């Protein structure tokens, strides 16, 4: 299976402009993929594109990652409403953060379109670039057409020209002949191809990748409110592992193809075993392990697997405070005193709304502390039962967790 066939099998090629198969399977070329610095970290929605670039690089091609310091100040049109503008200072700060992140993870050559856009004056922009864009052509682009009823500003309307200018600059200065992007960028890719053809008479290429969706059919991305960040300080190794471990059976094969470098034979073998015994979640475990190992390293992955197994087997007391903080990030936390009655602690920690409800929880066996079931109303919570004499992992029922800290 050649490189193009592998990308198609993995579902990584949707729309094609030009003879993409010949280009991808041919001699080494320079291509680019871009993102705007709207945050100080990329997320797993970007990861599929980054890994596609890696696959092309492994096939002998040279990737350039464009981080749009200029386009990030404008904002790519959204299907529904105008994007909120972010300040120039935040854009540049985010660019620096992304530059470090990508350099550490992938080592790709990176460029910033602010470098060649900042000195273009308005008259030159209209004369040198705007004259090549027919308004009817621009209005026919899907994302623009969808915004006509609700309205679109000239600022966002101009985004297409700016992205086309990027492709032209990279073609003329870096010998870049192909752009890859998510399927929502098809109109911008073809605009760049048309601009290069009109200005130089040369043919360049482009293709889109299908957007990766979650189990609810939503795009995995920051704007959807469900971002899983590549920055481990924003999304811990444990959170990343759990996210993919909980992948739907219907989605896991696609995720294995998109997010791992496992071969077709390896993935088919994994899915055969998984389909025979889905309760073992072998496909999800393999997926989560591959992603965490790639992004955070083998040591981090081994640690989160150990933590997961400790939680599953009820061995919370074997975890350290640091590991508990990682696992239970975002769980309601409260401070309590040493040698406090269980009923008072449940009320003070807002685990129960009243002493009566607290007694009901305890008598029903619904409360555990560090995986030990509490069944007596006279039970005293002391530093001796806390992890490292400090932390209490309290569970109410089957899924509701709280973290208590003894002051």
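The values are calculated or read from the model by the stated rules, or taken from the named source; none is laboratory data. Keep in mind the model is a prediction, meaning the values are calculated, not measured. Neighbour counts run over all protein chains shown; Cβ positions are idealised from the backbone, glycine included.
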For this session: Being in a helix (DSSP H, G or I) and either modelled with pLDDT under 95 or over 22 Å from residue 320 (Cα atoms) (or both) narrows it down to one of 269, 289, so name that one.
Result: 269
For this session: May I ask you to verify whether residue 247 is in contact (Cβ under 8 Å) with a residue 12 or more places away in the chain and crowded, with 19+ Cβ neighbours inside 10 Å?
Result: yes
For this session: Scan the range 145-168 residue by residue and report those that are assigned to a helix (DSSP H, G or I) and buried (at least 18 other Cβ atoms within 10 Å of the Cβ).
Result: 147, 156, 159, 160, 161, 162, 163, 164, 165, 166, 167, 168
Exercise. Can you find even one residue in the range 71-80 that is at pLDDT 95 or above, in contact with a strand residue (DSSP E or B) (Cβ under 9 Å, 6 or more places away or on another chain) and within 25 Å of residue 169 (Cα to Cα)?
Worked result: no
For this session: Scan the range 355-369 residue by residue and report those that are out of contact with any helix residue (DSSP H, G or I) (no Cβ under 7 Å at 6 or more places or on another chain) and without any contact (Cβ under 8 Å) to a residue 24 or more places away in the chain.
Result: 356, 357, 360, 363, 364, 365
For this session: Name the one entry in 219, 199 that is farther than 27 Å from residue 37 by Cα and touching a residue at least 60 places away in the same chain (Cβ under 8 Å).
Result: 199
Exercise. In the list 225, 192, 217, which residue meets the criterion of being at pLDDT below 90, closer than 20 Å to residue 75 by Cα and not assigned by TED's automatic domain parsing to the domain that holds residue 279?
Worked result: 225
For this session: Specify which of the listed residues (336, 368, 320) is loosely packed, with under 14 Cβ neighbours inside 10 Å and closer than 18 Å to residue 405 by Cβ.
Result: 320
For this session: Could you tell me whether residue 106 is within 22 Å of residue 199 (Cβ to Cβ) and out of contact with any strand residue (DSSP E or B) (no Cβ under 6 Å at 6 or more places or on another chain)?
Result: no
